[in-house]
Amino acid sequence: MQQLAFAPQYTYERHRPEATDLYKVVLENIETFLSLVQEECGRALPDFVVKEFREYLRCGILAHGFLRTRCEKCHNEHLVAFSCKRRGFCPSCGARRMNESAIHLVDEVWPVKPVRQWVLSFPIQIRLLLAVQPKLMMNILKIVTRTISRHLAKKAGINGGATGSVTLIQRFGGSINLNVHFHQLFLDGVYGLGTDGKPEAFHITKAPTPDELAEVLEKIIRKITRHLEKRGIIVRDDDGFLQLNLEEGDALSRLQAGAATYRFALGPNKGKKALTLQTVSDHDHSSSRGLVVKNSGFSLHAGVAFSGTERDKIERLCRYITRPAVALERLSLNARGQVVYRLKKPYDDGTTHIVMSPLELLEKLAAIIPRPRVHLTRYSGVFAPHYKYRSIIVPKREKRERRLVDDSDSDKPARMSWARLLKRVFDIDISICRLCQGKTKVVAAIEDPHVIKKILLHLGLPYPAPTPWPARAPPELDREFHHQTSEFDLA
């Protein structure tokens, strides 16, 4: 009883992805989905997309390897499964990346200066273009960042001043649709520069007025249009109207085109939108309130701002804009085996849920997976990695603790360890034994399949790992089969 009295309020337990509806959907339908893509698109999905699904099915599964931790006092052991560390849709790795990124930005990047969030969204055609052509996305990001920076310098009345921003590129919307848009955290002010270019006094700028915001958006649209015309992506027809010239791409581009337009690209519902469940909405959740302007399908919002001392609020904002694409608590399966995804906020028309088949969910997930070597967090201005005076702008870096795995011989800077992350976010200290309050330590990384099997069977834990179901008949045949046998289904 005395040991229980000293136990922490929260204790760590391994998350069990195999028990979630998302894992079951991927496990049971991934092979069928890949076969369907090959059949209807005439080509397979890119390797990095297939690998994203394969690695997700291994994430958090003890049968694929784990760490052994042991209390130095009572020798109580704990197993920690390996994670996939992918950037697409894995909720577990996405949650870790969300918290890790937010803590890094607040502790090691953002000075005690005011911050304002600028959110730029694009017309549907431009969203698809940015998803298919990452290099073009970076060029457009430079245009947007330069335009907003010049507005801030002009508003502060400083010629040649310096500001800074951190851009987090979000690729999804609230219904797991493909929606590439920019969340930019700008210093709400400008640094004056000395004769040697060194930042000196910081001049705070006032919030933009609606007219100023509209002017900034108009400049952004004009510069983006000119850039796309120069590259031949936008052409003018005989009547002078602009037409977007998109070339047919690979199978992934086809799925992305459907996801960007809220439609399915495969299966019996090809070209159709997802079924929605609606109710009468009590609130208007459109982005027409506050400091926001719209023009030609573009939208620019700049109504969220905090002082530099509101660190908790800044950290929550960073968590929001780096959140995972899929919220497990809002995803479920109905009695017919369909996927029901509850929206965080009802749409203006009262839509509260999106209903789709498992294969249609996989189509949505494949479309939001980022292409390799595309950075989704970008630093500019005084936060740029190679900025000469960056060290005097950002907070002083504290000495980092080592990784969870002992790598004391390594001189490389470590990411925030898994143990420290749990302590910071959930107030769970896994370095302390929950039974005797002794210190725990990683004793081994188990990767040998024979050793894994022996340990898990000895502890009575699940083995072997779940395996994907084989590919099934096309959806049309499945539907016909179920129609013929439905009169015998008593479930």
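The values are calculated or read from the model by the stated rules, or taken from the named source; none is laboratory data. All values derive from a computational prediction rather than experimental measurement. Please note: Cβ atoms are built from the backbone with ideal geometry, for glycine as well, and neighbour counts cover all protein chains shown. Areas reflect the complete protein model, heavy atoms only, side chains present, ligands, DNA and RNA absent. Shrake-Rupley method; radii C 1.70, N 1.55, O 1.52, S 1.80 Å.
Filter the range 122-168 down to residues that are hydroxyl-bearing (Ser, Thr, Tyr) and over 16 Å from the mean Cα position of the chain (by Cα) and give me whichever is farthest from Ala102 (Cα to Cα). Per the stated criteria, the residue is Thr147. Is there a residue being modelled with pLDDT of 80 or more and more than 25 Å from the chain's Cα centre (by Cα) anywhere in the range 257-268? Within the range 257-268, one or more residues are modelled with pLDDT of 80 or more and more than 25 Å from the chain's Cα centre (by Cα). On inspection, Leu57 qualifies as more than 30 Å from Ala305 (Cα to Cα), touching a Cys at 6+ places or on another chain (Cβ under 9 Å) and aliphatic (A, V, I, L, M).
The residues of the range 127-142 that are in contact with a helix residue (DSSP H, G or I) (Cβ under 6 Å, 6 or more places away or on another chain) and open to solvent by less than 20 Å² (accessible area, probe 1.4 Å), listed by number, are Leu130, Ala131, Met137, Ile140.
Note on the range 57-110: residues that are farther than 26 Å from Val443 by Cα and of a type in the set (Val, Ile, Thr) total 3. One residue stands out in the range 75-126 among those that are of a type in the set (Gly, Ala, Ser) and in a loop (DSSP other than H, G, I, E, B): the one that is surrounded by the most Cβ atoms within 10 Å (Cβ to Cβ), namely Gly88. Among the residues of the range 199-236, those that are assigned to a helix (DSSP H, G or I), open to solvent by less than 30 Å² (accessible area, probe 1.4 Å) and in contact with a strand residue (DSSP E or B) (Cβ under 6 Å, 6 or more places away or on another chain) comprise Leu213, Leu217, Ile221, Leu228.
Being assigned to a helix (DSSP H, G or I) and modelled with pLDDT of 50 or more is a condition met by no residue of the range 427-443. Can you confirm whether the range 466-474 contains a residue that is modelled with pLDDT under 85 and surrounded by 14 or more Cβ atoms within 10 Å (Cβ to Cβ)? Yes, because at least one residue in the range 466-474 is modelled with pLDDT under 85 and surrounded by 14 or more Cβ atoms within 10 Å (Cβ to Cβ).
Is there any pair linking a residue in the range 431-445 that is closer than 13 Å to Arg68 by Cα and touching a residue at least 60 places away in the same chain (Cβ under 8 Å) to one that is among the charged types (D, E, K, R) and buried (at least 17 other Cβ atoms within 10 Å of the Cβ), with Cβ under 6 Å and at least six apart or on different chains, and which? Between residues of the range 431-445 that are closer than 13 Å to Arg68 by Cα and touching a residue at least 60 places away in the same chain (Cβ under 8 Å) and residues that are among the charged types (D, E, K, R) and buried (at least 17 other Cβ atoms within 10 Å of the Cβ), the close pairs are Val443/Arg70. Scanning the range 169-180 for residues that are surrounded by fewer than 21 Cβ atoms within 10 Å (Cβ to Cβ) and under 11 Å from the mean Cα position of the chain (by Cα), we see that the one that is farthest from Asp348 (Cα to Cα) is Gln170.
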